[in-house]
Amino acid sequence: MQEKGTISIHTENIFPIIKKFLYSDNEIFLRELVSNASDATQKIKRLASLGQYNGELGELQVEVAFDEKKKTITISDNGIGMTAEEIKKYINQIAFSGATEFVEKFKDAKDANEIIGKFGLGFYSAFMVAEKVEIQTLSYQDGAEPASWICDGSTEFEIAQGTRTTRGTDVILYINADSEEFLSKYKLQEILDKYFKFLPTKLVFGTKTESEPDGEDKDGKPQYKSVEKENIINGAKPIWTLAPADLKDEDYLQFYKELYPFSEDPLFWIHLNVDYPFNLTGVLYFPKLKNDVEFQRNKIKLFSRQVFITDEVKDIVPEFLMLLHGVIDSPDIPLNVSRSFLQADGNVKKINSYITKKVAEKLAELFKKDRPAYEQKWNDIGIFVKYGMISEEKFYEKAKDFGLFKNTDNQYFTLEEYKEKVKATQTDKDGNVVYLYTIDPAKQDAFIQSAKKKNYDVLLMDTPIDNHFVSHIEHKLEKVQLKRVDADVADKLIDKGEKLEHALSEDQTKKVKEIFEKAINKPAYQVNIEAMNPEELPVTVTMDEFMRRMKDMAAMGGGMSFYGNMPDSYKVAINGNHKLVSKILQAEDESTQAELAKQAFDLALLSQGLLTGADLTAFVNRSVSLI
């Protein structure tokens with residue numbers, strides 16, 4: 001048996017394209033070839049179970065070996081094997097069906113992922129690193145003859161009598177000069193560890209030396225001997241392939257440690273298992289979230305039939321779920337395709353929706369089953385739930401029942417419960433229920449205390465996402481406004497149309513305003529004399545709620561750069577009913593008036609963290625002299 005041929009008249013441009021565009025991502029060749037070998041072993045196992053193969057299965061395995069001198073890497077399996085006819089069909093024809101379209105479509109490709117996989121070209125990724133590829137194979141079929149296939153990276157191939165004597169396939173790569181980095185035990189081990197820790201077929205890569213107990217020495221101390229053992233890559237148990245009923249909490253925690261060795265234990269997890277309308281299994285973990293949201297991303301690993309594909313899962317998993325950790329495995333996600341193709345793929349969209357639904361169901365179940373335990377976890381999962389409520393409409397609809405507000409007294413309320421709690425005391429003259437919140441209870445304590453004196457409640461909104469969450473909730477809830485507790489003096493935060501009497505005459509008001517404007521002498525600070533409760537502070541400095549929110553969004557890259565570039569401006573509310581104001585008016589000379597006014601203003605700045613540098617030094621020195 002000997003045959004030579006040309007793969008296809010249209011494909012002469014394919015190999016240069018493969019070599020050129022896949023060069024940056026060339027370790028994929030090993031993933032593709034080992035996956036193919038594993039599939040071959042799974043197929044023979046399936047045929048045996050169906051009674052279509054009655055021979056000895058033996059121990060099914062894939063082996064990777066390399067020879068630095070001969071510059072070869074060999075991937076061997078004892079799977080289904082191929083006949084010469086099957087080589088022609090699967091290697092020459094199927095891989096190159098639509099080759100003309102392939103060349104046209106990808107001649108300008110920039111991304112390695114745009115090329116492999118789309119046209120069954122997984123096997124041909126071998127030519128990214130090899131100048132010649134040889135296949136030696138023997139089919140499982142009775143009376144089959146061994147066959148070989150050789151191709152040197154041109155469009156020509158040769159099929160001949162093979163040398164293999166046992167069922168299965170060897171793929172031998174003759175490594176090109178540019179790819180000799182792969183002829184290294186360390187490099188190959190690294191790639192195999194990355195992709196195949198959970199491969200369903202035993203994967204062997206050479207041997208490794210281990211110590212074993214070897215009795216005792218003459219002093220009775222334990223002795224050890226070195227033993228050479230098979231280096232098996234995939235010892236870890238892929239728990240997502242098992243039924244949840246067969247797993248204990250310890251199994252899930254142990255698996256989490258294998259995936260993320262230095263992480264704290266997760267809070268809880270979801271076991272995914274669906275076979276219609278797509279196949280998907282996996283385990284998603286809720287980690288203890290830190291405020292550094294970016295650090296948490298890209299921790300979900302995508303597998304296909306237990307082979308690692310990528311941890312870039314943003315098209316498969318909704319944006320807000322990128323904060324989760326864990327594993328998703330689906331044979332229905334096309335391997336190695338461009339991101340634009342992933343987004344357009346119908347299964348990807350269905351998987352995205354399914355995962356969102358399962359996560360919402362899990363959170364709702366935890367909330368209903370044990371609310372106190374759920375509240376204890378809120379500090380860790382709050383960012384994640386709020387992020388989902390902002391970014392996914394379907395998730396918001398479910399999450400409004402288990403998303404929580406937390407107030408400064410460490411009490412928790414659902415959205416509906418909170419509205420009921422505050423509407424009696426915090427409704428303004430226009431019928432809007434006003435929610436007050438703080439982003440920093442320590443820094444804004446004076447404002448919180450003033451609000452509490454009026455029996456107002458104050459929410460805690462101190463995560464990186466709360467600025468966006470506040471705006472979203474306002475948009476979603478009818479007749480609800482949110483104001484930061486330091487956005488105005490307590491009497492004006494919730495305008496109920498009530499007016500306090502002014503203790504000052506019109507002339508005195510004018511005089512006080514002049515004294516403060518002169519003492520402050522900063523155009524960014526606008527002075528107003530207000531009729532307030534005498535118990536409130538004499539001077540309060542605030543920034544308008546709308547302006548501050550826009551500036552905060554600009555600082556977070558929220559597209560409000562126009563506001564981010566505007567200079568800061570503040571309101572200075574002078575409590576005309578405070579006794580200090582009377583004292584200033586009664587002072588004997590202008591310098592004393594100015595000094596007292598400046599001191600009161602600086603105290604207001606200090607309470608807001610706005611007093612710095614030379615102004616802070618001057619304030620300290622003035623305070624000492626006043627004492």
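Pairs meeting the criteria (first residue in segment 29-54 and part of a helix (DSSP H, G or I), second residue acidic (Asp, Glu) and surrounded by 16 or more Cβ atoms within 10 Å (Cβ to Cβ), beta carbons under 8 Å, at least 6 apart or on different chains) are ALA37/ASP77; SER38/ASP77; ALA40/ASP77; THR41/ASP77. Taken over segment 520-535, the criterion of being in contact (Cβ under 8 Å) with a residue 60 or more places away in the chain and buried (at least 20 other Cβ atoms within 10 Å of the Cβ) is satisfied by ILE520 alone.
Given (1) modelled with pLDDT under 85; (2) within 18 Å of GLY431 (Cα to Cα); (3) not in a loop (DSSP other than H, G, I, E, B), where does GLN481 come up short, assuming only one miss? Failed condition: (1). LEU504 satisfies every condition listed in (1) at pLDDT below 90; (2) among the aliphatic types (A, V, I, L, M); (3) buried (at least 16 other Cβ atoms within 10 Å of the Cβ); (4) under 32 Å from the mean Cα position of the chain (by Cα) except (4).
Among the residues of segment 191-214, those that are outside any helix (DSSP H, G or I), charged (D, E, K, R) and surrounded by 12 or more Cβ atoms within 10 Å (Cβ to Cβ) comprise LYS197, LYS202, LYS208, GLU210, ASP214. When segment 48-73 is filtered for residues that are out of contact with any Lys or Arg (no Cβ under 8 Å at 6 or more places or on another chain) and buried (at least 17 other Cβ atoms within 10 Å of the Cβ), the ones remaining, listed by number, are TYR53, GLU63, VAL64, LYS71, THR72, ILE73. If you go through segment 480-494 and keep only what is open to solvent by 30 Å² or more (accessible area, probe 1.4 Å), out of contact with any strand residue (DSSP E or B) (no Cβ under 7 Å at 6 or more places or on another chain) and not acidic (Asp, Glu), you end up with just LYS492.
Residue pairs whose Cβ atoms lie under 9 Å apart, separated by 6 or more positions or on different chains, with the first residue in segment 601-619 and within 21 Å of ILE515 (Cα to Cα) and the second among the acidic types (Asp, Glu) and open to solvent by less than 20 Å² (accessible area, probe 1.4 Å), are LEU611/ASP602; ASP615/ASP602; LEU616/ASP602; ALA618/ASP602; PHE619/ASP602. Quick check: anything in segment 170-188 free of Cβ contacts under 8 Å to residues at least 60 places away in the same chain, of a type outside the set (Ser, Thr, Tyr) and touching a Lys or Arg at 6+ places or on another chain (Cβ under 7 Å)? Yes. Between GLN444, GLN481, GLN508, the distinction of being within 30 Å of GLU319 (Cα to Cα), of a type in the set (S, T, N, Q) and touching a helix residue (DSSP H, G or I) at 6+ places or on another chain (Cβ under 9 Å) belongs to GLN481 only. Taking segment 391-448 and the strands (runs of 3 or more DSSP E) fully enclosed by it, the elements with 1 or more residues that are among the polar types (S, T, N, Q) are at 412-414, 433-438.
Could you tell me whether LYS225 is charged (D, E, K, R) and either modelled with pLDDT of 90 or more or surrounded by 14 or more Cβ atoms within 10 Å (Cβ to Cβ) (or both)?
no
Among residues of segment 251-263 that are modelled with pLDDT under 90, those with a Cβ under 8 angstrom from a residue that is open to solvent by less than 20 Å² (accessible area, probe 1.4 Å) and assigned to a helix (DSSP H, G or I), sequence gap 6+ or separate chain, pair up as SER263/TYR256. Among residues that are more than 18 Å from the chain's Cα centre (by Cα), in contact (Cβ under 8 Å) with a residue 60 or more places away in the chain and open to solvent by 40 Å² or more (accessible area, probe 1.4 Å), LYS362 is included.
From the list ALA160, ALA126, the lone residue that is on the phi < 0 side of the Ramachandran plot, touching a residue at least 60 places away in the same chain (Cβ under 8 Å) and in contact with a Phe, Trp or Tyr (Cβ under 6 Å, 6 or more places away or on another chain) is ALA126. Residues being under 30 Å from ALA40 (Cβ atoms), among the aliphatic types (A, V, I, L, M) and at pLDDT 85 or above: count how many of those fall in segment 305-357. Qualifying residue count for the region: 3.
Taking the listed residues ASN92, ASN26, ASN78, the one that is surrounded by 16 or more Cβ atoms within 10 Å (Cβ to Cβ), under 20 Å from ALA144 (Cα atoms) and modelled with pLDDT under 85 is ASN92, with no other qualifying.
Only a single criterion out of (1) among the β-branched types (Val, Ile, Thr); (2) under 24 Å from LEU57 (Cβ atoms); (3) open to solvent by less than 30 Å² (accessible area, probe 1.4 Å) is not satisfied by THR165, namely (3).
Any chance segment 96-117 includes a residue that's farther than 21 Å from GLN141 by Cβ, modelled with pLDDT under 50, in contact with a Pro (Cβ under 9 Å, 6 or more places away or on another chain) and open to solvent by less than 70 Å² (accessible area, probe 1.4 Å)? Taking every residue of segment 96-117 in turn, at least one turns out to be farther than 21 Å from GLN141 by Cβ, modelled with pLDDT under 50, in contact with a Pro (Cβ under 9 Å, 6 or more places away or on another chain) and open to solvent by less than 70 Å² (accessible area, probe 1.4 Å).
Among the numbered conditions (1) modelled with pLDDT under 90; (2) surrounded by 14 or more Cβ atoms within 10 Å (Cβ to Cβ); (3) touching a Gly at 6+ places or on another chain (Cβ under 8 Å), the only one that TRP240 does not meet is (1).
Quick one: which residue in ASP251, ASP217, ASP275, ASP246 is open to solvent by 40 Å² or more (accessible area, probe 1.4 Å) and under 21 Å from ALA360 (Cα atoms)? Quick ask: steps written out before the conclusion?
Numbers: ASP251 fails: under 21 Å from ALA360 (Cα atoms); ASP217 fails: under 21 Å from ALA360 (Cα atoms); ASP246 fails: under 21 Å from ALA360 (Cα atoms).
Of the residues listed, the single one that is open to solvent by 40 Å² or more (accessible area, probe 1.4 Å) and under 21 Å from ALA360 (Cα atoms) is ASP275.
Scanning segment 66-75 for residues that are farther than 17 Å from TYR195 by Cβ and outside any loop (DSSP other than H, G, I, E, B) yields ASP67, THR72, THR74.
Only one of ILE473, ILE439 is hydrophobic (A, V, I, L, M, F, W, C), in contact (Cβ under 8 Å) with a residue 12 or more places away in the chain and open to solvent by 50 Å² or more (accessible area, probe 1.4 Å). Can you tell me which?
Exactly one residue qualifies, and that residue is ILE439.
Please tell me if ASP428 is surrounded by fewer than 21 Cβ atoms within 10 Å (Cβ to Cβ), touching a residue at least 12 places away in the same chain (Cβ under 8 Å) and closer than 26 Å to GLY497 by Cα. Yes: the conditions hold for ASP428.
Scan segment 576-627 for residues that are part of a helix (DSSP H, G or I) and open to solvent by less than 70 Å² (accessible area, probe 1.4 Å) and the total you get is 25. ARG548 falls short on exactly one of the conditions (1) at pLDDT 75 or above; (2) open to solvent by less than 50 Å² (accessible area, probe 1.4 Å); (3) not aliphatic (A, V, I, L, M), and that condition is (1). Regarding LEU500, is this residue among the hydrophobic types (A, V, I, L, M, F, W, C), more than 20 Å from LEU606 (Cβ to Cβ) and part of a loop (DSSP other than H, G, I, E, B)? Taking the combined requirement at face value, the residue satisfies it. State whether the residues of segment 433-452 include one that is farther than 30 Å from GLU536 by Cβ, modelled with pLDDT of 90 or more and of a type in the set (Ser, Thr, Tyr). Looking for residues that are farther than 30 Å from GLU536 by Cβ, modelled with pLDDT of 90 or more and of a type in the set (Ser, Thr, Tyr), one finds none in segment 433-452, hence no.
The values are calculated or read from the model by the stated rules, or taken from the named source; none is laboratory data. Everything numeric in this text was worked out from a predicted model, so none of it was measured. Every residue, glycine as well, gets a Cβ built from its backbone with ideal geometry; the counts of neighbours run over all protein chains shown. When the accessible area is computed, the model is the full protein with side chains, heavy atoms only, and any ligands, DNA or RNA have been set aside. Shrake-Rupley method; radii C 1.70, N 1.55, O 1.52, S 1.80 Å.
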